Each structure stands twice: as structure tokens, then as C-alpha cells.
Amino acid sequence: MSINNKLAHHQQQKIQHYAQNSDAYSFFNLLTSSELLSTVEALIPEHRERQFPPTETLSMFLAQALNQDRSCQKAVNDAAVKRLMGGLPLISTATGGYCRARQRLPLAMVSALARQTGQLIQGQIPAQWCWEDRRIYVIDGTTVTMPDTEANQAAYPQQRGQKPGLGFPICRLLGVTCLSSGAIVNASIGPLSGKGSDEQTLLRNVLDTFTTGDCVLGDAFFGTYFLLSALYDKGVDALFEQMGARKRVTDYRKGKEMGSDSNYTKNRGQVL
């Protein structure tokens with residue numbers, strides 16, 4: 001096994017170890033640490049003193065997502081056991097309160113904490129993990145289904161061919177991943193269809209993630225002249241797969257000059 005493969009295997013084992021041994025109290029300590037506490041306090045919603053306040057609910061949610069048993073009952077049971085071990089009063093193990101508290105978590109709070117965590121991880125990357133002293137980012141999109149509520153159906157409609165009353169709301173996600181650390185440093189969310197729902201539009205919402213000298217990798221959905229031009233203006237290099245329908249060799253330096261801006265209307269029928 002090569003040195004790189006050994007390092008990758010070692011990192012995977014460490015990640016699995018931390019994931020299997022993470023609990024809600026570990027995440028609560030992280031959320032209330034000096035690095036994240038100010039963000040949590042700034043974005044935490046107004047709330048009454050309940051059994052599941054926002055910070056504790058988010059901690060339980062994170063632990064639930066990493067657990068092999070991702071049921072809400074497991075999350076509530078673990079929280080009850082931890083309270084008993086800490087000498088705190090016993091709480092109900094019914095899941096209704098936790099599920100409602102989870103629905104009240106603001107999307108802005110979760111998104112901001114995810115971005116800040118990615119930036120903190122990225123800030124600790126050793127120099128030798130970078131390629132040619134440059135930060136490399138991978139961009140890609142995906143879709144996820146959401147709870148079937150009227151609000152979600154209105155904000156995140158399904159495909160046009162879907163019969164009414166069937167299926168679940170679908171949203172599109174675009175993530176910006178640091179290739180060196182594997183951390184998500186930014187993300188954008190939008191509907192599956194309609195104006196502004198494509199991956200390029202979602203990417204333009206987070207273009208401020210990149211700075212001069214960065215390099216961006218993506219698939220064929222991003223290989224357009226306009227996006228390349230926008231990245232070029234920021235001093236960012238990009239490497240995208242070319243659309244299969246196009247010629248495999250494209251040299252943007254050989255485009256036909258269309259004239260000055262004042263002649264745009266007259267020349268707009270010409271092809272670059």
C-alpha cells in the first residue's frame with residue numbers, strides 16, 4: 001500500500017471513530033465553544049424555555065444524523081440517559097417534542113454554522129495538502145426530497161410530469177468542497193425547477209467563496225463561457241468537463257470579435 005493510500009485509510013478510520021463515538025453532548029460543547037458561540041447566539045431564534053431548546057436540539061440532530069440508528073426515538077432515549085448520568089431530572093422519552101423542536105430550527109442558523117465550521121477546518125490545512133500552494137475546490141449539485149408539507153410543496157415543487165398528490169417536494173443543493181480537507185465550505189439551496197433553479201445559478205450565489213489564485217473543478221454542467229469569464233475576472237482558474245454534444249477541443253482565444261458595445265445590436269447574430 002502506498003504512503004498516500006495509507007494516509008487516506010488512516011484518515012478514514014479516524015473519521016469513522018469520531019462518528020461512532022459522537023453524541024449530542026459532544027456537539028453541544030462544540031456549538032458553545034469560543035469559535036462558534038457568537039454565531040449561535042446571533043442566529044438563535046426567540047424561544048421559551050422548553051424541554052428541547054434550539055442549541056440542544058441541533059446537537060441531538062447532528063448526533064442523530066451520524067448514528068447508525070437514525071430514529072428520533074434513539075436520539076431522545078440517548079438524551080434521557082445522558083441527563084440521568086449527569087444527575088439531571090428525568091424527561092419524557094416521547095419523540096413529539098423533539099420532532100417539533102427540530103422543525104423550528106432556522107435554516108439560516110444551520111447554514112451559517114456549516115459554512116463557519118468548513119472555514120475553520122480549511123484554516124487548519126497544512127501547506128503540503130495544497131496543490132502548488134493553491135486552494136482547490138470541487139463544485140457539484142444534487143437533489144434531496146423533503147417532508148410533504150404545503151409550505152415545502154409551494155417552495156420546492158416537484159417535476160412537471162409528477163401527478164398531483166404523489167411524491168415529495170424536491171430541492172436542489174449545490175456544495176463547494178475543499179479538496180484538501182473534504183470540508184463543505186459553502187452551499188446554496190433552491191427549487192428543482194423554474195427560473196434560477198439550475199446549478200450554475202446556485203453557484204453564482206456563492207461565487208464570493210473563491211478568491212484570486214483558487215482553482216475550481218466541476219462537471220460538464222459548469223463548462224460555459226459566461227461562468228468561465230466570471231471566474232476569470234476574479235482571478236480564479238477552472239477545470240470543467242466539456243459537454244458531450246460539443247466538439248472535444250474548444251479554444252476560447254479563437255473567438256470572432258463582434259465589435260464594440262455600440263455595435264452589439266448590429267452584430268448579435270454572429271457566432272463566437
In the stretch 147-167, what residues are within 21 Å of the chain's Cα centre (by Cα) and free of Cβ contacts under 8 Å to residues at least 24 places away in the same chain?
147, 152
Would you say residue 153 is polar (S, T, N, Q) and either loosely packed, with under 13 Cβ neighbours inside 10 Å or within 24 Å of residue 238 (Cα to Cα) (or both)?
no
Have a look at 182, 223, 167, 218 and point out the one that is within 26 Å of residue 117 (Cβ to Cβ), of a type in the set (Gly, Ala, Ser) and surrounded by 13 or more Cβ atoms within 10 Å (Cβ to Cβ).
218
Can you tell me which residue in the stretch 74-97 is nearest to the chain's Cα centre (by Cα), limited to those that are modelled with pLDDT of 85 or more and not in a helix (DSSP H, G or I)?
95
Checked the stretch 57-90 for anything surrounded by 15 or more Cβ atoms within 10 Å (Cβ to Cβ) and of a type in the set (Val, Ile, Thr); matches are 57, 76
What's the number of the only condition in (1) at pLDDT below 85; (2) of a type in the set (D, E, K, R); (3) in contact with a Cys (Cβ under 7 Å, 6 or more places away or on another chain) that residue 69 fails to meet?
(3)
Among the listed residues 217, 239, 202, identify the single one that is in a helix (DSSP H, G or I) and either modelled with pLDDT of 75 or more or within 24 Å of residue 134 (Cβ to Cβ) (or both).
202
Yes or no: residue 26 surrounded by 11 or more Cβ atoms within 10 Å (Cβ to Cβ), modelled with pLDDT of 90 or more and within 30 Å of residue 146 (Cβ to Cβ)?
no
Taking residue 52, is it assigned to a loop (DSSP other than H, G, I, E, B), of a type outside the set (Val, Ile, Thr) and at pLDDT 80 or above?
yes
Test result for residue 197, in a loop (DSSP other than H, G, I, E, B) and surrounded by 17 or more Cβ atoms within 10 Å (Cβ to Cβ)
no
Which residue, of 212, 177, is closer than 18 Å to residue 122 by Cα and either outside any strand (DSSP E or B) or in contact with a Cys (Cβ under 6 Å, 6 or more places away or on another chain) (or both)?
212
So which residues in the stretch 112-146 are out of contact with any strand residue (DSSP E or B) (no Cβ under 7 Å at 6 or more places or on another chain) and among the polar types (S, T, N, Q), if there are any at all?
116, 117, 124, 128
Among the residues of the stretch 36-49, write down those that are surrounded by 13 or more Cβ atoms within 10 Å (Cβ to Cβ) and in a loop (DSSP other than H, G, I, E, B).
36, 44, 47
Just wondering, is there one or more residues in the stretch 148-171 that are among the hydroxyl-bearing types (Ser, Thr, Tyr) and touching an Asp or Glu at 6+ places or on another chain (Cβ under 8 Å)?
no
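The values are calculated or read from the model by the stated rules, or taken from the named source; none is laboratory data. Source: prediction; values computed, not measured. No Cβ is skipped: glycine too gets one built from the backbone with ideal geometry, and neighbour counts run over all protein chains shown.
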